[in-house]
Amino acid sequence: MRLETADDPDELAAEIAERGGREFRPARGELPWRIHTDPSGNEFCLLPAR
């Protein structure tokens, strides 16, 4: 999911956690996006605004 300039990544991460998801931090070093999992374990990314 590509974020818009006005989107707050921390706020979206909190909303994801409230709905049963969690942030997933793989051992791949620093990435420009944040990886999350939904309650079923499916991964998805939040990409920063361009």
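Every read-out reported here was derived from the displayed coordinates using simple, explicitly stated rules and does not represent laboratory data. All values derive from a computational prediction rather than experimental measurement. All Cβ positions, glycine included, derive from the backbone under ideal geometry; neighbour counts span all protein chains shown.
Whenever a residue of region 10-24 is of a type in the set (Lys, Arg), its partners that are surrounded by 12 or more Cβ atoms within 10 Å (Cβ to Cβ), lying with C-beta atoms within less than 7 angstrom and at least six residues away or across chains, give the pairs Arg22/His36; Arg22/Thr37. Being within 12 Å of the chain's Cα centre (by Cα) and part of a loop (DSSP other than H, G, I, E, B) is the filter; apply it to region 8-41 and report the residue that is surrounded by the fewest Cβ atoms within 10 Å (Cβ to Cβ). Residue satisfying both the conditions and the ranking: Pro32.
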